[in-house]
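Below is one structure, written out as structure tokens; comments come after it.
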């Protein structure tokens, strides 16, 4: 391990763009597949490596939803959530994380009798969160996101879960899934109501579509951070807007490579973002599916941005500052990162 990689491995971190189900380790996915063997997901860790080889973004969504389908009971939710938090805390030195959860795909209001009650889903999330904080010191917060491919019925249901059945740790409202054929403006009424209730707006935008999707997320959804925003580099006016209004981008380099959003890591626009003065946070998105870790993403960013130890500390602090963490958690993380010398 290089000196810089060793420094990254011990660096205290916050992660802001990481999906709940997409963070399940191969061992957890295999266990869930063994519990629910009728689906296409292999219950073998080695076979999962081939299963997670994505042809393009559409194929990624197809595979992702097949894994989502394995989370069917409150026990599945607890298993997955605690295991994800434990891995983040013990191997990535993540002290605080905002996990994007998609309750619609586990509650399944469109398939009566298939899903679990939202109350059971919420209780399982919160039980696992409390246990992970007690056992590993990691602080978790939730972002509920609309699965864009399921349309406005999913938006209505997700808003209901967020407003009437909110877990204690819910802080944000998001929008994920495919962007092509899923225009952002149609979700404006749902984001308006979520924001009025105090939830923060964190939609995905500009990952597989052009910069107009990012503009739509800003203007129609009131985005306070942008998930990915990869295509923003194509629009100098948009970069200037993001920089002036201090709207951070949640950048996930290896994810963008795996789904074809960029052709090569050396072509990733993260340098253009930083040069334009845009706040950048580095994240892992769906790490086991993309064969990455948050530590690895920091190493990638260090190479692409020519960062030394000080630059890596600043990168870690940027995520803390862009987070919706409680003030005491932010202050503690600031002190811990500043004091860390590897």
Within the stretch 159-179, name every residue whose backbone N is under 17 Å away from a label modeled 7 Å from Cα of residue 196 along the Cβ vector.
159-165, 173
Ignoring solvent entirely, what values of log10 I(q)/I(0) come out of the Debye formula for the chain at 0.10 Å⁻¹ when each Cα is a single scatterer?
-0.54
5 Å binning of all Cα-Cα separations within the stretch 34-85, expressed as whole percents from 0 upward
4, 18, 23, 28, 19, 7, 1
Relative contact order in percent for the chain (Cα pairs under 8 Å, 6+ apart) equals 20 percent
Kirkwood-based Rg over Rh for the stretch 283-339 (C-alpha set), two decimals?
1.02
Using only the Cα atoms of the stretch 53-107, what do you get for the radius of gyration and for Dmax, in Å?
13.3, 33
In whole Å, largest first, what are the principal axis extents of the Cα atoms in the stretch 1-49?
45, 25, 12
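Provide the packing ranking of 175-185, 245-255, 92-102, 31-41, i.e. peptides ordered by the mean count of other C-beta atoms within 10 Å per residue, highest first.
92-102, 245-255, 175-185, 31-41
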Which whole-number percent gives the relative contact order of the stretch 165-215, counting Cα pairs below 8 Å spaced six or more residues apart?
47 percent
Return an integer: the convex hull volume of the alpha-carbon atoms of the stretch 139-278, in Å³ per residue.
111 Å³
Rh by Kirkwood over Cα pairs, then Stokes-Einstein D for the stretch 68-190 at 1.002 mPa s and 20 °C, µm²/s
144 µm²/s
For the stretch 232-342, just the Cα set please: Rg and Dmax, both in angstrom.
14.3, 41
Please give the calculated 222 nm ellipticity per residue for the chain, where each DSSP H segment of at least 4 residues contributes -39500 (n - 2.57) and the sum is spread over every residue; nearest 500 deg cm²/dmol?
-15500 deg cm²/dmol
Would you work out the Kirkwood radius for the stretch 220-274? I mean one over the mean of 1/r across all pairs of different Cα atoms, in Å.
11.7 Å
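Over the stretch 14-129, what is the relative contact order in percent, taking alpha-carbon pairs closer than 8 angstrom and at least six residues apart?
Computed value for the stretch 14-129: 34 percent relative contact order.
Coordinate-derived values only; no laboratory data. Just so we're clear, the structure is a prediction, and the values are computed from it rather than from any experiment. For neighbour counting, all protein chains shown are included, and Cβ atoms are generated from backbone atoms with ideal geometry for every residue, glycine included.
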